[in-house]
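The values are calculated or read from the model by the stated rules, or taken from the named source; none is laboratory data. Computed from a predicted structure; not experimentally measured. Here the Cβ positions follow ideal geometry from the backbone for every residue, glycine too, while neighbour counts run over all protein chains shown.
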Amino acid sequence: MSVTELKERHSVATETVNNLRERLKQKRLSLLDTDISGFAKSQGRTPVSFGPTDLVCCRTLQGHTGKVYSLDWTSERNQIVSASQDGRLIVWNALTRQKIHAIKLPCAWVMACAFSPTGQSVACGGLDSVCSIFSLSSPTDKDGNLPVSRMLSGHKGYVSSCQYVPDEDTHLITGSGDQTCVLWDITTGLKTSVFGGEFQSGHTADVLSISINGSNSRIFASGSCDATARLWDTRVASRAVRTFQGHEGDVNAIKFFPDGNRFGTGSDDGTCRLFDIRTGHQLQVYYQQHSDNDVPPVTSIAFSVSGRLLFAGYTNGDCYVWDTLLAKVVLNLGSLQDSHDDRISCLGLSADGSALCTGSWDTNLKIWAFGGHRRTT
C-alpha cells in the first residue's frame, strides 16, 4: 500500500471518528434535560452569601524572588510548600510566616511541588523532566543546602504536576509533557505503571494536571492540552477508564470533588466544569461573562470541604469563589484590597478547610482565613 493510499485511509478514518464524536456529543446533550444550577433554582435554593469578614487576607508570605508556580499544604500541620521561578522550594509555617526550609533546586525551572502525607518530605518537578524528592529531616550539606534524597527519572518531557498517593509516603503520581502519567515507587525510584503514551486511549498532548481521588486512591484524573480530562485506574494502566470532553482549550487544573464521585476542571477556555465519573456526563459549566469579551484562562481550582464552594484562579489576577450549586460567583478575591498584583498561578485549601492559600506571579503567597461559621462550607 502506497503512502498516498495510507494518507487517504487515515483522512477518511479521522473524518469518521470526528463525525461519531459529534453525534455522541449531540446525543449526550439531548439526554441532559437540566444542569445542577437549573435543578437547584427549580428547588428554590439561594446562593451562599459572603459578608466583609467571612473571607479575609490574614497573612502575606514574602520570600520568593521569582514567580510562584505551585503550592501545597500538609495534611495535618499548618505548613505550606511553594515552588518558584527563583529556583527554590520554601516550606512555610502558615501561622507565623516563618520559613522552615529554603531548598535550592538542581533545576530552577520548577513547575510543581507536593507534600508527602506525613509531611516528612516534599517532591517537585519541572523542565528537567525529573521529579526530585527531598527528605525534610535530612542534614544539610556544607553549603547549608538540603540534598536530593531521590530522583525519579524516566519522563521524556517536563514534569507538570505531582501528587503523593494519600496515606503513603512511598508512592507518587506525576503528569508530564510527554503525554503520560506515571506511578512511582519512591523507595526504589522505579516506575510502577505508565498511563498513556503509546496506548491509544491516552492523552494526545501534554498532561498539565492530575488529581488523586481522596475516597479511592486507586483512581486519579488528568487534564491535558488535548482539551480532555481522563480517568485512570492504577490497576489498569493500559487504557483510560473514561475520557471527558467539553472544554475548548487546555485543561490546566483538575480536582476531585470531596465525595470522590465528581471532579472539577479549569481551562484556557475560561470555564470551570464539573463532571460525574460514574456517568461521564458534564454536570455544570462555571463561566463569568466579561463586558469586553476577553475571557481570562483558569489556572487553578480547589473545592471547599463540603464542595459547596469552588475556588478558581485566573490569569488576570481574579480569584472567584463559585457557588457550585447555583453556578454563581459569590466573591472575587481579586477585587479585595489585599489581592495579588498579577496572575493567580496556584491555590489550595488547608486540610481542615479553614484557610485558602493563593500563589501568584507577583512572587507572593496569601493566606485567606474563613470566618468560623464558614469553616465547613
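Kindly provide the set of residues from the stretch 321-331 that are crowded, with 24+ Cβ neighbours inside 10 Å and closer than 19 Å to H290 by Cα, ordered by number.
Taking the stretch 321-331 as the starting set, the residues that turn out to be crowded, with 24+ Cβ neighbours inside 10 Å are 322, 324.
Once the filter is applied, which keeps residues that are crowded, with 24+ Cβ neighbours inside 10 Å and closer than 19 Å to H290 by Cα, the stretch 321-331 yields only W322.
Looking at the stretch 211-222, which of the residues that are crowded, with 24+ Cβ neighbours inside 10 Å and hydroxyl-bearing (S, T, Y) is nearest to the chain's Cα centre (by Cα)? Lay out the reasoning, then the answer.
Our first condition is that a residue be crowded, with 24+ Cβ neighbours inside 10 Å; within the stretch 211-222, this holds for 211, 220-222.
Now restrict to residues that are hydroxyl-bearing (S, T, Y): 211, 222.
Numbers: S211: 6, S222: 9 Å.
Applying the filter and picking the extreme gives S211.
Please report, ordered by residue number, the strands (runs of 3 or more DSSP E) entirely within the stretch 6-106 with at least 3 residues that are under 30 Å from V130 (Cβ atoms).
Working: elements: 55-61, 68-73, 79-84, 88-93, 99-104.
So the answer is 68-73, 79-84, 88-93, 99-104.
Looking only at the stretch 287-320, which residues are surrounded by 18 or more Cβ atoms within 10 Å (Cβ to Cβ), of a type in the set (A, V, I, L, M) and closer than 14 Å to L356 by Cα?
I301, A302, L309, L310, A312, listed by residue number.
Looking at the stretch 122-150, which of its residues are under 20 Å from the mean Cα position of the chain (by Cα) and hydroxyl-bearing (S, T, Y)?
S129, S132
Kindly list, by first and then second residue, each pair from a residue in the stretch 144-156 that is over 13 Å from G125 (Cβ atoms) to a residue that is among the β-branched types (V, I, T) and buried (at least 17 other Cβ atoms within 10 Å of the Cβ), limited to pairs with Cβ atoms under 7 Å and residues at least 6 apart or on different chains.
Correct list of pairs: L146/I103; S149/I133.
Looking at the stretch 182-194, I want the residues that are surrounded by 14 or more Cβ atoms within 10 Å (Cβ to Cβ) and have a partner that is modelled with pLDDT of 95 or more and of a type in the set (D, E) with Cβ atoms under 6 Å, at least 6 apart or on another chain. Which pairs are those?
Taking only residues 6 or more apart or on different chains, the pairs are T192/D185.
Quick check on the stretch 161-175: of everything there that is under 18 Å from L231 (Cβ atoms) and polar (S, T, N, Q), which residue is farthest from the chain's Cα centre (by Cα)? Explain how you work it out, then say what you get.
Within the stretch 161-175, the subset under 18 Å from L231 (Cβ atoms) is 161, 163, 165-166, 173-175.
Now restrict to residues that are polar (S, T, N, Q): 161, 163, 174.
Numbers: S161: 8, Q163: 10, T174: 12 Å.
Across the stretch 161-175, the extreme among qualifying residues is T174.
Of all the residues that make up the stretch 281-318, how many are under 19 Å from S37 (Cα atoms), small (G, A, S) and in a loop (DSSP other than H, G, I, E, B)?
3
Return the residue satisfying two criteria in turn: it lies in the stretch 176-210 and is outside any strand (DSSP E or B) and hydrophobic (A, V, I, L, M, F, W, C), and of such residues it is nearest to the chain's Cα centre (by Cα).
To start, the set of residues in the stretch 176-210 that are outside any strand (DSSP E or B) comprises 177-179, 186-189, 197-206.
If we keep only those that are hydrophobic (A, V, I, L, M, F, W, C) too, we end up with 186, 199, 205.
Values: I186: 22, F199: 24, A205: 17 Å.
Filtering first and then ranking leaves A205.
Anything in the stretch 262-280 that is in a loop (DSSP other than H, G, I, E, B), touching a residue at least 12 places away in the same chain (Cβ under 8 Å) and either in contact with a Pro (Cβ under 9 Å, 6 or more places away or on another chain) or surrounded by fewer than 16 Cβ atoms within 10 Å (Cβ to Cβ) (or both)? List them, or say none. Give the steps one after another, and end with the answer.
Within the stretch 262-280, the subset in a loop (DSSP other than H, G, I, E, B) is 268-271, 277-280.
From what is left, the residues that are touching a residue at least 12 places away in the same chain (Cβ under 8 Å) are 268-271, 277-278, 280.
Residues satisfying the conditions are D268, D269, G270, R278, G280.
Pick out the one residue from S75, S49, S84 that is among the small types (G, A, S) and either without any contact (Cβ under 8 Å) to a residue 12 or more places away in the chain or closer than 21 Å to Y320 by Cα (or both).
Working: S75 fails: either without any contact (Cβ under 8 Å) to a residue 12 or more places away in the chain or closer than 21 Å to Y320 by Cα (or both); S84 fails: either without any contact (Cβ under 8 Å) to a residue 12 or more places away in the chain or closer than 21 Å to Y320 by Cα (or both).
That would be S49, the only listed residue that is among the small types (G, A, S) and either without any contact (Cβ under 8 Å) to a residue 12 or more places away in the chain or closer than 21 Å to Y320 by Cα (or both).
If the Cβ limit is 6 Å and pairs must be 6+ apart or interchain, which residue in the stretch 113-125 that is part of a strand (DSSP E or B) pairs with which residue that is hydroxyl-bearing (S, T, Y) and surrounded by fewer than 24 Cβ atoms within 10 Å (Cβ to Cβ)?
F115/T74; S121/S135
Could you please let me know if F311 is within 28 Å of A351 (Cα to Cα), at pLDDT 95 or above and touching a Leu at 6+ places or on another chain (Cβ under 8 Å)?
Details: within 28 Å of A351 (Cα to Cα): yes; at pLDDT 95 or above: yes; touching a Leu at 6+ places or on another chain (Cβ under 8 Å): yes.
The answer is yes for F311.
For the stretch 332-377, give me each residue that is surrounded by fewer than 21 Cβ atoms within 10 Å (Cβ to Cβ), part of a strand (DSSP E or B) and either of a type in the set (S, T, N, Q) or modelled with pLDDT under 95 (or both).
N332, A369
In the stretch 193-222, how many are farther than 22 Å from M111 by Cβ and β-branched (V, I, T)?
Number of matching residues: 1.
Provide a single number: the residues in the stretch 130-160 that are more than 23 Å from L231 (Cα to Cα), part of a loop (DSSP other than H, G, I, E, B) and touching a strand residue (DSSP E or B) at 6+ places or on another chain (Cβ under 7 Å).
5
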